[in-house]
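Q: A single structure is presented below for examination.
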Amino acid sequence: MSSAADALAGAALLIAVAAAALISALVTWTSRPLLQRYALARPNARSSHRIPTPQGAGIAVIAATLIVASLWGVSANVAIPPALVAATIVIALVGFADDIVSLPVLVRLVLQAACVGAVVFTAPETARIVPTLPLALERGLVVLAGVWFVNLVNFMDGLDLMTVAEVVPVTAALLLLGMLGHLSWPAVLVATALCGAMLGFAPFNRPVAKVFLGDVGSLPIGLLLGWCLLELAFRGEPAAALLLPAYYLADSTITLFRRIIRREPFWSAHRTHFYQRATDNGFTVKRVVGEAFALNLVLALLAVATVRTDSTAITILALLAGAGAVALLLWRFSRPQAS
């Protein structure tokens, strides 16, 4: 691109972020009375909040993301996969139903797998991560990983601003990588719109939160974010695609295996994730979110470094540094703070 074209593209990205933020904020603000009436999350022994709080503001985030990304795609002649849009809407409806009436676990998993499968199996056959694997096997593994990613984003949405602290740095990094030519434009559009939508939601979710995303938000956010990371992996950057969500992956996956080993009902609600244990260990909510946000910025820088240098040695060092940084934060969260 020429410098003029770069400037124009950068301005368009900023406009898209601002538009998504404005739509998200307006819809969140106007929908709060309805959510207060019909989708109130009451605190229980496994909750991190202490007062009844409306949930379901994810409707605003997902609506803003899809509207801005779709309109921008039409104006720029960039096609966002119809399967992704449809799957996002369906999985949001599944989440909304679960927010209201609590669906059975098996029903949720089947519907989530159908949505993830629709996105993965409609991808071009040339889109590969490990070309030596049979295509059907690779796609099947990606679907399993996708279902887990959708759920882990939901599991990690248990503290005020926690999802904002994850999604904003990741989507901002994806936006930057797209501007540098390392990500498909459909994924750039989705990441940019999602970044703006989360920024518009953030003022309503800062401690003490006035409203929560709910499953209607966290599940489709997991789908959209997972798809963007998959697109990055398809472009030959699997290390960056792992580094960006590394904290979420580690906290949720380690917690899952720990609960399985202890023969706990791992599918049921709990508050034993590292970030949840941190609040029990003397960390304030703002400190937990702040440290998670700082770690995600570090992971984003490492991910960008692996892509821009295109060096195997630097990629290995970045992966080791990212793993070490994540392990250090998990260790800190798991230890009581001195009073």
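The values are calculated or read from the model by the stated rules, or taken from the named source; none is laboratory data. A quick note: this is a predicted structure, and the numbers were derived from the prediction, not measured. Note that each Cβ is placed from the backbone with ideal geometry, even for glycine, and that neighbours are counted across all protein chains shown. Side chains are part of the model used for accessible areas, which takes the heavy atoms of the whole protein and leaves out ligands, DNA and RNA. Shrake-Rupley method; radii C 1.70, N 1.55, O 1.52, S 1.80 Å.
Q: Please specify each residue of segment 68-79 satisfying the condition of being surrounded by fewer than 21 Cβ atoms within 10 Å (Cβ to Cβ), touching a Pro at 6+ places or on another chain (Cβ under 9 Å) and in a helix (DSSP H, G or I).
A: If the condition is that a residue be surrounded by fewer than 21 Cβ atoms within 10 Å (Cβ to Cβ), touching a Pro at 6+ places or on another chain (Cβ under 9 Å) and in a helix (DSSP H, G or I), then G73 is the only one that fits.
Q: Also, I was wondering about something else. Which residue out of A172, A187 is among the hydrophobic types (A, V, I, L, M, F, W, C), out of contact with any His (no Cβ under 7 Å at 6 or more places or on another chain), closer than 19 Å to A239 by Cα and open to solvent by 20 Å² or more (accessible area, probe 1.4 Å)?
A: A172
Q: For segment 179-212, which residues satisfy the criterion of being in a helix (DSSP H, G or I) and aromatic (F, W, Y)?
A: W185, F201, F204
Q: Another one. Determine if segment 93-108 includes at least one residue that is closer than 23 Å to W185 by Cβ and either without any contact (Cβ under 8 Å) to a residue 40 or more places away in the chain or in contact with a strand residue (DSSP E or B) (Cβ under 6 Å, 6 or more places away or on another chain) (or both).
A: Going residue by residue through segment 93-108, those that are closer than 23 Å to W185 by Cβ are none.
No, segment 93-108 contains no residue that is closer than 23 Å to W185 by Cβ and either without any contact (Cβ under 8 Å) to a residue 40 or more places away in the chain or in contact with a strand residue (DSSP E or B) (Cβ under 6 Å, 6 or more places away or on another chain) (or both).
Q: I would also like to ask the following. Going by what's in this entry, would F149 be described as open to solvent by 50 Å² or more (accessible area, probe 1.4 Å) and touching a residue at least 40 places away in the same chain (Cβ under 8 Å)? Can you show your working first?
A: Values: open to solvent by 50 Å² or more (accessible area, probe 1.4 Å): no; touching a residue at least 40 places away in the same chain (Cβ under 8 Å): yes.
Spelling it out, it is not the case that F149 is open to solvent by 50 Å² or more (accessible area, probe 1.4 Å) and touching a residue at least 40 places away in the same chain (Cβ under 8 Å).
Q: Here's something else I'd like to know. Evaluate the following for R235: is it open to solvent by 10 Å² or more (accessible area, probe 1.4 Å) and farther than 30 Å from A83 by Cβ?
A: Answer is no for this residue.
Q: Which pairs have Cβ atoms under 6 Å, sit 6 or more apart or on different chains, and link a residue in segment 21-40 that is buried (at least 16 other Cβ atoms within 10 Å of the Cβ) and in a helix (DSSP H, G or I) to one that is among the small types (G, A, S) and at pLDDT below 95?
A: T28/A57; L35/G56
Q: Looking at segment 260-289, I want the residues that are touching a residue at least 12 places away in the same chain (Cβ under 8 Å) and have a partner that is acidic (D, E) and not in a loop (DSSP other than H, G, I, E, B) with Cβ atoms under 9 Å, at least 6 apart or on another chain. Which pairs are those?
A: From segment 260-289, the pairs are R271/D280; H273/D251; F274/D251; Y275/D251; A278/E291; F283/E291.
Q: Has segment 55-62 got at least one residue that is farther than 23 Å from L161 by Cβ and either of a type outside the set (K, R) or at pLDDT 80 or above (or both)?
A: Looking for residues that are farther than 23 Å from L161 by Cβ and either of a type outside the set (K, R) or at pLDDT 80 or above (or both), one finds none in segment 55-62, hence no.
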